[in-house]
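All remarks here apply to the structure that follows.
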Amino acid sequence: MNINKLNKYVGQVMRNFPNVDGVIIIDTDLIVRYYFSTYEGISKVAGNEIMGKHIMSFYPELNEDNSYIIRCIKTGKAFLNYEQELTDINGNRLRSICSTVPIHDGGELVAIAELSTYPDKTPEENEKRIEVANLFGTEHSNSTLDDIITVNPAFIDIKKHIEADSSSDAPVLVYGKTGTGKELVCNAIHKCSSRAGGPFIVQNCAAIPSTLLESLLFGNVKGSFTGAENSVGLFEMANKGTLFLDEINSMEIEAQAKILRVIEDKKIRKIGDKKTIDIDVRVIAAVNKDPIECIRNKTLRDDLYYRLSVIRYDIPPLKDRKEDIPLLMEHFRKIYNEKFGKNIIEFSKEVEMAFLRYDWPGNVRELRNAIEAAYHMNFGFTIELENIPMHIAERMNIENISLENSGAMTLNQLVEEFEKEIISRKYIKNGRRLSQTARELSISKQSLRYKLQKYNLM
């Protein structure tokens with residue numbers, strides 16, 4: 001297996017399963033191609049000893065009946081969150097919660113990844129999991145503007161501005177609620193830039209304990225603290241490329257000052273080192289709360305905000321772009337059909353209307369999770385109302401949905417009819433006042449005017 005492809009697979013897997021203690025990648029001949037674990041209680045036969053060898057030579061009790069790895073190879077299907085206990089060749093018994101997923105290359109099954117968490121870890125080992133998971137979550141970006149699925153005018157405008165700003169090397173600030181797709185946007189920014197051929201490194205600042213953050217960002221030298229070895233920080237990893245710092249408002253104020261200094265000076269200093277290192281990194285940062293409110297609440301430095309917001313993009317929440325929901329539903333249907341080896345053909349009209357009526361506080365991520373959950377509850381060809389998560393059904397009073405007069409309507413017609421009805425009611429109730437209506441619908445006046453003209457309501 002090509003080393004570059006192997007690194008790509010590891011990165012992809014860890015991005016989908018960011019909070020794990022270990023990962024093992026096995027090819028279709030059951031040969032171990034990659035192994036890493038942060039859990040000290042795991043057998044010492046792992047690591048270099050197991051690489052390149054048959055998995056059953058170390059876990060002899062595995063067979064076709066009890067191995068999810070073998071099942072995954074045979075079926076091409078993923079198996080999620082199952083518990084297993086294995087005894088290695090040294091007699092060590094290990095309990096774990098695992099997910100086994102197929103890896104495809106060009107439509108061909110080439111390997112299996114097994115992701116594990118270990119319930120018997122110590123708190124210290126949990127911290128190691130967080131650190132390693134986030135390091136593995138960094139990878140080169142493959143997303144482009146075409147991967148941003150939208151017909152929403154405001155989001156389309158953002159895409160146009162990203163393309164127009166492609167020659168700029170200035171810092172970028174992206175504001176959007178959790179789950180709106182900030183990372184996807186930042187991927188596209190990187191891909192549109194002159195740094196597209198360089199690394200794209202992602203770090204969620206909220207996921208790392210403050211005690212680890214500085215070391216993770218800047219690296220450290222051997223002996224700088226107890227147990228410290230020479231390490232490369234994320235800024236150094238991102239040299240000649242882009243570093244995306246998500247939820248930077250979760251970072252301690254003191255650390256934000258150091259980020260600002262790096263942006264200004266283009267130099268870093270590792271922990272415990274006396275010399276500085278020149279770096280060439282474009283910083284993109286994201287916040288999940290209104291940045292002005294963050295400044296008022298002292299969770300974001302005002303000088304860092306002004307430096308980062310040379311270019312700023314505000315990502316609309318899903319409730320403000322419900323016209324995108326049918327497109328996203330179809331997109332995720334294709335993804336999960338391939339991922340789970342299913343052949344879901346469609347969503348029922350009841351589900352379509354339910355999704356359109358719901359406000360999606362968790363945004364696109366919540367929609368994606370809802371569809372994935374529905375796949376686990378469905379054994380036919382159509383996602384039905386009873387398959388969607390109960391909490392969504394309860395929050396939107398789903399029993400009131402009526403489709404008596406919609407049988408002949410297409411999905412696009414249903415979407416437009418629903419949107420037109422809501423806008424019309426609000427607009428008339430507010431005495432046809434544009435500003436008031438836009439405020440109540442939580443959309444811009446520009447977007448509202450566009451929709452009013454579209455539906456001949458002005």
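The values are calculated or read from the model by the stated rules, or taken from the named source; none is laboratory data. Predicted model only: the values in this text are computed from it and were never measured. With ideal geometry, Cβ positions are generated from the backbone for all residues, glycine too; neighbour counts draw on all protein chains shown.
The set of residues in the stretch 339-360 that are modelled with pLDDT of 90 or more and outside any loop (DSSP other than H, G, I, E, B) comprises GLU346, PHE347. Once the stretch 90-104 is narrowed to residues that are more than 16 Å from PHE58 (Cβ to Cβ) and either among the charged types (D, E, K, R) or surrounded by fewer than 19 Cβ atoms within 10 Å (Cβ to Cβ) (or both), the residue that is farthest from the chain's Cα centre (by Cα) is ARG95.
Among the residues of the stretch 46-89, the one identified as touching a helix residue (DSSP H, G or I) at 6+ places or on another chain (Cβ under 7 Å), exposed (fewer than 14 other Cβ atoms within 10 Å of the Cβ) and over 19 Å from LYS339 (Cβ atoms) is GLU64. Figure legend. Inter-residue proximity from the stretch 65-85: first residues under 14 Å from ASP29 (Cα atoms) and at pLDDT 85 or above, second residues of a type in the set (Ser, Thr, Tyr) and buried (at least 16 other Cβ atoms within 10 Å of the Cβ), beta-carbon distance below 6 Å, spacing 6+ or different chains. Indicated pairs: ILE69/THR100; CYS72/THR100.
Right, GLU330: crowded, with 17+ Cβ neighbours inside 10 Å, of a type in the set (Asp, Glu) and assigned to a helix (DSSP H, G or I) or not? Criteria not met by GLU330. For the stretch 302-327, the set of residues classified as among the aliphatic types (A, V, I, L, M) and surrounded by fewer than 19 Cβ atoms within 10 Å (Cβ to Cβ) consists of VAL310, ILE311, LEU327, listed by residue number. The conditions of being within 21 Å of THR117 (Cβ to Cβ) and outside any loop (DSSP other than H, G, I, E, B) are not met by LEU62.
Among the residues of the stretch 66-91, those that are in contact with a Ser or Thr (Cβ under 7 Å, 6 or more places away or on another chain) and assigned to a strand (DSSP E or B) comprise PHE79, LEU80, ASN81, GLN84.
Against the criterion of being closer than 30 Å to ARG195 by Cα and assigned by TED's automatic domain parsing to the domain that holds VAL232, LYS298 does not qualify. Taken as a whole, the structure places ILE284 among residues that are under 26 Å from CYS192 (Cα atoms), in contact with a helix residue (DSSP H, G or I) (Cβ under 6 Å, 6 or more places away or on another chain) and at pLDDT 95 or above. Taking the stretch 326-347 as the range and being over 23 Å from LEU109 (Cβ atoms) and under 18 Å from the mean Cα position of the chain (by Cα) as the test, the residues that pass are LEU328, MET329.
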